[in-house]
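A quick write-up on the structure given underneath.
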Amino acid sequence: MATFQPAPGSVVTVVSLSGVAFINDVWAVALNGASATTYDFTVGATGTLVTLLGTPVTGEIWTIGFGAFSYDVVVGDPYDIAGTPTIVDEVAEIAAAFLQLIDDSAADAADFEARLDDDAVARILVTNDSTTFTTTATVAAVADSAGATMGISAVDTLEDIAASLAEAINADTDNFTALAVGSDLVIVNRANTAFTTTASIAGASSTSSAPTVAWPSMMRGWS
């Protein structure tokens, strides 16, 4: 367990993050009540997983989009994958076709990276270290489609959210220092000025667990 010891006389708040980071939810921390400055993090904005599911049917159009880029794969059409012409009719082949299309495009120049996630053959990880983005994934059905789909999920953990919020706070003010310790966000007012903290989650998910302000302002010293 990492330890953190604020300077003598500092005022400290600890925000504990818990629950699940759902795609497109916005996790926010506001400091100082009515005149609050709010810092937020959108889950999935820097990286998403696209999982290909179900049984493809000839003629379906599978589409993945992120940033300004969009890619279509038509089931049953031929695609050149790593130099080999391939008729794509399985989810693993569709995923490989997407990766080839992305690799052949200008996405790399815009700092996008796409690859298979770990040992998966039909789960694509899309990331961008320099900008936030939104990912979309759809399957245009045909008459005999069997319900194939693509799911989008976040790669962000609670630790990632805490670290990003700490970075935002540290970049914005001279009076506060923030530190992520696991999934806890420690906020210190170095001028020994009392402050209020609120934490919230907003977005499409109704089941996320809201962050809690575990230790109120005026708690002095933490290790």
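The values are calculated or read from the model by the stated rules, or taken from the named source; none is laboratory data. On a predicted model such as this, the values are computed, not experimentally measured, just so you know. Glycine gets a Cβ as well: all are built from the backbone with ideal geometry, and neighbour counts include every protein chain shown.
Do you know which residues across the stretch 135-159 are in contact (Cβ under 8 Å) with a residue 60 or more places away in the chain and within 25 Å of Leu185 (Cβ to Cβ)? Result: Ser153, Ala154, Val155, Asp156, Thr157, Leu158.
Looking at the structure I just gave you, is Val155 in contact with a Ser or Thr (Cβ under 7 Å, 6 or more places away or on another chain), among the β-branched types (Val, Ile, Thr) and modelled with pLDDT of 95 or more?
no
Here Val57 clears all of (1) crowded, with 16+ Cβ neighbours inside 10 Å; (2) closer than 23 Å to Ala107 by Cβ; (3) of a type in the set (Val, Ile, Thr) except the condition numbered (2).
Filter the stretch 179-189 for residues that are closer than 14 Å to Leu31 by Cα and not polar (S, T, N, Q); which is surrounded by the most Cβ atoms within 10 Å (Cβ to Cβ)? In this case the residue turns out to be Leu185.
Is it the case, given these coordinates, that Ala45 is modelled with pLDDT under 85, small (Gly, Ala, Ser) and touching an Asp or Glu at 6+ places or on another chain (Cβ under 9 Å)?
yes
Of all residue pairs spaced 6 or more apart or on separate chains, none has beta-carbon atoms under 6 Å together with a first member in the stretch 68-91 that is in contact (Cβ under 8 Å) with a residue 40 or more places away in the chain and a second member that is among the small types (Gly, Ala, Ser) and part of a strand (DSSP E or B). Across the stretch 38-60, a minimum of one residue is classified as under 30 Å from Trp27 (Cα atoms), free of Cβ contacts under 8 Å to residues at least 12 places away in the same chain and in the same structural domain as Thr197 (by TED's automatic domain parsing).
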